[in-house]
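Novice: Take this structure first; my questions come after.
The values are calculated or read from the model by the stated rules, or taken from the named source; none is laboratory data. Quantities reported herein were computed from a predicted structural model and do not represent experimental measurements. Neighbour counts are summed over all protein chains in view; Cβ atoms, including those assigned to glycine, are modelled from backbone coordinates with ideal geometry. Calculation scope for accessible area: heavy atoms of the full protein, side chains included, ligands and nucleic acids excluded. Shrake-Rupley method; radii C 1.70, N 1.55, O 1.52, S 1.80 Å.
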Amino acid sequence: MDLTFILTFGPPLIIVAYILYSDKCSEPFDLCIKTFILGCLLCIPAAILNGYFIPDRNYVYLAGFTEEPLKFAALYFFIRNKVHFDEPMDAIVYGTLISLGFATLENYEYVYELASNPENVALLRSFSAIPLHACCGIVMGYYFGLYSFKNSDKINIIKALVIPIAFHASYNFFAVSNILLMFVVLIILIIFANKLHKELKNEQASNEC
């Protein structure tokens, strides 16, 4: 097993393990696997849409407008009516699984099919694109969970879609124009996502499964 392989697949799987471990009320293993695989499969329609709507890398920010709605659709149509989807933290768990399933296959494509220097690309993406997708999944899940279990006000379901799109599009825009600002956006997103995840984790700690 070489370093490129570890850098490509290790970071998303480590984050998945952390999110699953932090969930006090564990989700069914088979549903977690299916959700992760569904996230991987979303790369197919995403590639088609991105090929149609993004003529060159100057418009790469539009990927936020194609990829995040696909993840949202998976959460809304595949997860929302599952019997085990029964508390706000579940939305973060499944939202992150979808996002990191997507990010894992995308990572493979960038590293092994597109990169001229696979190891460097894998290393860079382990500190950039992978956390981006994971945190967008957390943010989407947080607001989706609020809408589903706490406050059915439509503003929360709108936030579940719009905020990840905004972060993803901003990140991609600066990725091709200003790397420093790209990381500023990423750091803000990480802090924000961590705050939301911590809030539900603390809330869950005081409840019975």
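Novice: Mind jotting down the three principal axis lengths of the range 86-143 based on Cα atoms? Whole angstrom, largest first.
Specialist: Answer, in whole Å and largest first: 44, 16, 11 Å.
Novice: Another question, then. Accessible area of the chain with a 1.4 Å probe: how many percent of it is carbon plus sulfur? Please report the intermediate quantities before stating the final value.
Specialist: Values: 6960 of 10530 Å².
The computed percentage sits at 66.
Novice: Residue-wise, which Karplus ³J(HN,Hα) couplings in Hz belong to the range 65-80, taking 6.51 cos²θ - 1.76 cosθ + 1.60, θ = phi - 60°, and x for glycine or proline?
Specialist: 8, 9, 6, 5, x, 5, 5, 4, 4, 5, 5, 6, 8, 9, 8, 3
Novice: Taking the Cα atoms of the range 144-193 alone, what are Rg (to one decimal) and Dmax (as a whole number) in Å?
Specialist: 13.4, 40
Novice: How large is the charge dipole for the range 1-134, taken about the Cα centre, if only the Cβ atoms of Lys, Arg (+1) and Asp, Glu (-1) carry charge, to the nearest 20 debye?
Specialist: Value, rounded to 20: 160 debye.
Novice: OK, next. Rank Phe192, Phe77, Phe173 by mean-square fluctuation in a GNM of the chain with C-alpha springs under 10 angstrom and give only the top-ranked residue.
Specialist: Phe77
Novice: GNM, the chain, Cα, under 10 Å: largest mean-square fluctuation among Ala17, Ala91, Ala134?
Specialist: Looking only at Ala17, Ala91, Ala134, the largest GNM fluctuation is found for Ala17.
Novice: Tell me the per residue accessible area of the range 56-142 using a 1.4 Å probe; a whole number in Å² is fine.
Specialist: Each residue of the range 56-142 exposes 40 Å² on average to a 1.4 Å probe.
Novice: Using r as the Cβ-Cβ distance of Lys201 and Leu41, and R0 as 25 Å, what FRET efficiency do you calculate, to the nearest 0.05?
Specialist: 0.30
Novice: Could you give the length gained on full extension between Ile191 and Ile6, defined as 0.36 nm per residue of separation minus the Cα-Cα distance, in nm?
Specialist: The span from Ile191 to Ile6 would gain 64.0 nm if fully extended.
Novice: Can you give the FRET efficiency for Ser152 and Phe77, using 1/(1 + (r/R0)^6), R0 = 25 Å, r = Cβ-Cβ distance, to the nearest 0.05?
Specialist: Computed FRET efficiency for Ser152 and Phe77: 0.90.
Novice: Per DSSP H run of at least 4 residues, take -39500 (n - 2.57); add these up for the chain, divide by its residues and hand me the 222 nm value, nearest 500 deg cm²/dmol.
Specialist: After summing the helix terms and dividing by residue count, I get -24500 deg cm²/dmol.
Novice: Please report Rg (one decimal) and Dmax (integer) in Å for the Cα set of the range 1-138.
Specialist: 15.1, 45
Novice: Which sequence of Ser99, Ser177 reflects their accessible areas, 1.4 Å probe, from the largest down?
Specialist: Output order, biggest surface exposure first: Ser177, Ser99.
Novice: Would you mind calculating the gained length between Asp30 and Val60 on full extension (0.36 nm times residue separation, minus the Cα-Cα distance), in nm to one decimal?
Specialist: 7.4 nm
Novice: Pop the C-beta distance of Glu119 and Leu13 into the FRET formula with R0 = 22 Å and round what comes out to the nearest 0.05.
Specialist: Computed FRET efficiency for Glu119 and Leu13: 0.75.
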